[in-house]
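The values are calculated or read from the model by the stated rules, or taken from the named source; none is laboratory data. Remember, predicted model here, so these are calculated numbers, not experimental data. All Cβ positions, glycine included, derive from the backbone under ideal geometry; neighbour counts span all protein chains shown. These area figures cover heavy atoms from the full protein model, side chains too; ligands, DNA and RNA do not enter into them. Shrake-Rupley method; radii C 1.70, N 1.55, O 1.52, S 1.80 Å.
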Amino acid sequence: MARTWRVGIVKDTSKPMLGLHALHTAFRGLPDVDVVGHVDSNTENLPEKMSYTGARRHYLTLADMLDQEPLDIVVLCSRHPYDHLEQIRTAAEAGCHIYCEKPLSASLREADEIVELAERYQIRICAAHPSRYHLPFLTMKRMVEAGEIGQPVTIYGRGKNDHRGGGEDLIVLGTHILDLQTFFFGAPEYVYADITADGRPISRTDRAETVEPIGPAAGDSVFALFRFPGDVRGVFESKRGLAGKAPGAIYMGITVIGTEGALSMRFNDSGSSESSLRVSRHPGPPEDATCYEEVPLTEDRVIPGAEPLDYSLCGQPDIPKAKFFLETTRFAVWDLMRAIEEDRQPVSNVYNARLAVEMICGIYAAHLSGSRITFPLKDRRHPLGECEEIATRHRS
């Protein structure tokens, strides 16, 4: 007899956010799933909001839902990293597995605590790093591993380089790029970094004004250089306002340079068109007459019994226009369910989500020390100052 997965969604619309990534719709149309609860302290337009999750009952708090519902999985939709620790603690103590929005936390010590909770209560946490489930990046990874661009040399990654460029871009969007670098090449060995604000090197007391409460951030220009296993170098770069100087240019994404070519993939979440995976077969340096061609993609993943995705949802409240968000969130939670059944970690898990936070802290530590910083970090405090006081103010 098939198991029925009981799922609860936590999506509190009383907190303003820039927009979410369709996590609340991830379980729609999947077989053997019952979305039983929807948590939102804001009761306005509840029928409409619950129509997107398909939940049968509404609750004001996560604790209320867990008191009434024996759940298997809880979905945490907040993009504010300070929300996650207490929500994860509450769900973990109830024995619930978790699908959690990124970034896992703004604090490495909080991320360590989240890992400890997952291990203590033997739960699986899948982090919303959708690129690990996106067909172009999966294809790109397979091509790199198959040697189609020769020996990998460098992986370049950039954030959106918009009005959040620099420190805020690093944690909000850089978490995706850094996670992709580890997805391709494993945990970094060390990092060098240079961070500036208005052209001068930042100090420990510098702070950037951020659009959202994401924790300590500094600088309007970030450059970091990692060393990965196999002598692969990884670059992360973000500059504030760069995107505005070239309207229509898409900066966010990665490029992998090898000895016999290069592969490139950009993020385009506007929904105007889908970004394509491109390959260059030019064996020389990428700045020397490189020309790219599109790589055909073949989707061979099947979720037995799943209903077709409803792409009419794209562009609805907190559902991006780009189709890949619906596709990747579905594959993410399907992987989470299979990971629970098979007693393994999901592809996007609490350990690589913590590693992305650690890499961000490592970038700041390397800049402030003026030296190479090795991983894992010995000092787990945030290099710009620990986040607990900010977190307490945010939660209150």
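How far, in nm, would the chain grow between T290 and Y351 when pulled straight, counting 0.36 nm per residue and subtracting the alpha carbon separation? Intermediate results must be reported in sequence, preceding the final value.
Working: separation 61, 0.36 × 61 = 21.96 nm, distance 3.66 nm.
Length gained between T290 and Y351: 18.3 nm.
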Original post:
From the backbone phi of the range 314-319, what are the Karplus-calculated ³J(HN,Hα) couplings (6.51 cos²θ - 1.76 cosθ + 1.60, θ = phi - 60°) in whole Hz, Gly and Pro given as x?
Top reply: 4, x, 6, x, 6, 10
Original post:
Which percentage, to the nearest 5, of the DSSP beta bridges contained in the chain is antiparallel?
Top reply: 60
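Compute the projected area of the convex hull of the Cα atoms of the range 163-297, averaged over all viewing directions, and report it in nm² to one decimal place.
Taking a quarter of the hull surface, the average projection is 9.9 nm².
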Subject >> Förster-model FRET efficiency, 45 Å R0, D194 and S14, C-beta, rounded to 0.05 >> reply: 0.70
Original post:
Once amide H atoms are placed 1.01 Å from N in the peptide plane, what residues at a sequence separation of 5 or more from I254, or on another chain, have their amide H within under 5 Å of its amide H?
Top reply: M265
Subject >> Förster radius 56 Å - calculated FRET efficiency between R89 and D300 (Cβ-Cβ, nearest 0.05) >> reply: 0.90
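Under the classification rounded if a/c is under 1.5, otherwise prolate if a/b is larger than b/c and oblate if not, where does the range 1-150 fall, given a ≥ b ≥ c as square roots of the Cα gyration tensor eigenvalues?
prolate
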**OP:** Can you pull the one-decimal nm distance between simple spin-label points at R281 and T4, each 7 Å off the Cα toward Cβ?
**Re:** 5.5
Subject >> the chain - convex hull of alpha carbons, volume per residue in Å³ >> reply: 146
**OP:** Give, rounded to the nearest 20 debye, the magnitude of the charge dipole that the chain has about its Cα centre when Lys and Arg contribute +1 at Cβ and Asp and Glu contribute -1 at Cβ.
**Re:** 440
Original post:
Taking the Cα centre of each part, how many Å lie between the range 324-388 and the range 1-33?
Top reply: 22
Original post:
Where the only charges are on Cβ atoms (+1 Lys, Arg; -1 Asp, Glu), what is the dipole of the range 262-350 about its Cα centre, to the nearest 20 debye?
Top reply: 120
**OP:** Considering the options A356, T290, A128, tell which one lies farthest towards the positive end of the dipole of the chain, charges being +1 on Lys and Arg and -1 on Asp and Glu at the Cβ, about the Cα centre.
**Re:** T290
**OP:** Mind jotting down the distance between the C-alpha centroids of the range 277-315 and the range 134-204, whole Å?
**Re:** 19
**OP:** Find which of M65, S41, V115 sits farthest along the positive direction of the dipole of the chain, computed with +1 on the beta-carbon of Lys and Arg, -1 on that of Asp and Glu, about the Cα centre.
**Re:** V115
**OP:** Determine how large the accessible area of H80 is when every protein chain is in place; take a 1.4 Å probe and give Å² rounded to the nearest 10.
**Re:** 10
**OP:** For the range 265-384, report the convex hull volume of the alpha-carbon atoms normalised per residue, in Å³, without decimals.
**Re:** 226
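Considering only protein heavy atoms, what per residue accessible area in square angstrom results for the chain with a 1.4 angstrom probe?
Roughly 41 Å² per residue, with all protein chains present.
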**OP:** Give me the percent of the accessible area of the range 117-262 that comes from carbon and sulfur atoms, probe 1.4 Å, all protein chains in place.
**Re:** 51
**OP:** Quote the accessible area belonging to E307 in square angstrom, nearest 10, computed with a 1.4 Å probe and with ligands, DNA and RNA left uncounted.
**Re:** 120
**OP:** Answer rounded, prolate or oblate for the range 245-335, using the Cα gyration tensor with square roots of eigenvalues a ≥ b ≥ c: rounded when a/c is under 1.5, else prolate when a/b is larger than b/c, else oblate.
**Re:** oblate
**OP:** Could you list, in their original order, any pairs among K15/K378; K141/K378; K15/K245; K15/K323; K141/K245 whose Cα atoms are separated by more than 28 Å?
**Re:** K15/K378; K141/K378; K15/K245; K141/K245
**OP:** Would you kindly find the accessible area of T290, with a 1.4 Å probe and non-protein molecules such as ligands, DNA and RNA excluded, rounding to the nearest 10 Å²?
**Re:** 40
Original post:
Given labels modelled 7 Å from the Cα in the Cβ direction, how far is it in nm from Q316 to E44?
Top reply: 2.0
Original post:
Expressed in nm to one decimal, what extension gain is obtained for the pair S369 and E307 from 0.36 nm per residue of sequence separation less their Cα-Cα distance?
Top reply: 17.0 nm
**OP:** Report, by chain and number, residues whose modeled amide H sits under 5 Å from the one on Y190, excluding near sequence neighbours (fewer than 5 apart, same chain).
**Re:** R227, F375
Original post:
Roughly what would the spin-label model give for D231 and R56, points 7 Å off Cα along C-beta, in nm?
Top reply: 6.0
